[in-house]
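Quick note: the coordinates plus some simple rules give every number you see, no bench work behind them. Please read all numbers here as calculations on a predicted model, not as lab measurements. With ideal geometry, Cβ positions are generated from the backbone for all residues, glycine too; neighbour counts draw on all protein chains shown.
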Amino acid sequence: METVFKYRGRHLTAREVAFIRELIADHPTASRRGLSKELCQVWNWVQPNGALRDLVCRSLMLELHRAGLIEEHHYLGYTQPVGEHLKFLVLSHERPVACFVFSSAPRHLGPRDRYIGWNAQARRCNIRFIAYNSRFLILPWVRVPHLASHLLGRMARLLPAEWERVYGHPVYFIETFVDPSRYRGTCYRAANWVYLGQTTGRGKDAPTRRPNRPLKDVLGYPLTRQFRELLGRAG
């Protein structure tokens, strides 16, 4: 079969590139390192001492991505979350259908801070009780009406206990950003998330007060009726 890509002496066929796409699709939350180890095992791609050639394989996958030969399903791609975070993979009969990532919330977010009504001291003390939904993806082949809002509801019930189990404290509020040029946030609204306002478009590292990135809609969801009381405690 004809070679479609060559890297460090390895000639990849269209069938092998298609296999990598399927591997990524079947492991939507896996890191490139995890994917490369899996691929090395399938291909029996090992060094003379028997160790997996996963570093070379990672570089290969990066070059395939740059060449546009392998896909990432989420338009923002994937980056490793910083701080406290949890990743969830939703399965149906052992087949992945969706994934979520929740991570530490940004410290300063005007629409959210005004909605909660806390002061600066309370925010510093309690920001850890808010989780940011940085990724939510229904995989492209899944076509189930109302699945997205259903999963958001299930996740809201599941997240507080899971967060406390892993990090030793609960979360009382979750939030997300939606790019209005791409989406309306319909599934979040259907799951009773509240529109809080828009970002300023400046980001935390903006050198001036002028917007340097697209404005995002901010949506939030209280996980307990007492969220304002709990988050407003200072000290």
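Per-residue 3J(HN,Hα) values for region 129-139, derived from phi via the Karplus relation 6.51 cos²θ - 1.76 cosθ + 1.60 with θ = phi - 60°, read 8, 10, 10, 9, 7, 7, 9, 8, 9, 8, 5 Hz in sequence order (x marks Gly and Pro).
Look at the alpha carbon pairs under 8 Å that are at least 6 residues apart: their mean separation over the length of region 85-231 gives a relative contact order of 25 percent. Three principal axis extents of region 3-66 based on alpha-carbon atoms, in descending order, are 31, 27, 19 Å.
On the beta carbon distance between His27 and Arg165, with R0 = 25 Å, the FRET formula returns roughly 0.60. Using every pair of distinct Cα positions in region 85-231, the Kirkwood expression returns a hydrodynamic radius of 16.2 angstrom.
On the beta carbon distance between Arg128 and Glu229, with R0 = 25 Å, the FRET formula returns roughly 0.90.
The trypsin sites (Lys or Arg not before Pro) of region 149-186 that meet both conditions, a loop assignment by DSSP and at most 14 other Cβ atoms within 10 Å of the site Cβ, are Arg182, Arg184. Full extension of the chain between Lys6 and Leu55 yields a length gain of 16.0 nm, computed as 0.36 nm times the residue separation minus the alpha carbon distance. Shown is the FRET efficiency for Val46 and Arg107, computed with R0 = 35 Å from the Cβ-Cβ distance and rounded to the nearest 0.05: 0.15. Taking amide H atoms as placed 1.01 Å from N in the peptide plane, the amide H of Tyr7 lies under 5 Å from those of Leu12, each 5 or more residues away in sequence or on another chain. Of the chymotrypsin sites (Phe, Trp or Tyr not before Pro) in region 106-207, which ones lie in a loop per DSSP and count no more than 13 other C-beta atoms within 10 Å? When the chymotrypsin sites (Phe, Trp or Tyr not before Pro) of region 106-207 are filtered for loop state and at most 13 Cβ neighbours within 10 Å, Trp141, Tyr183 remain.
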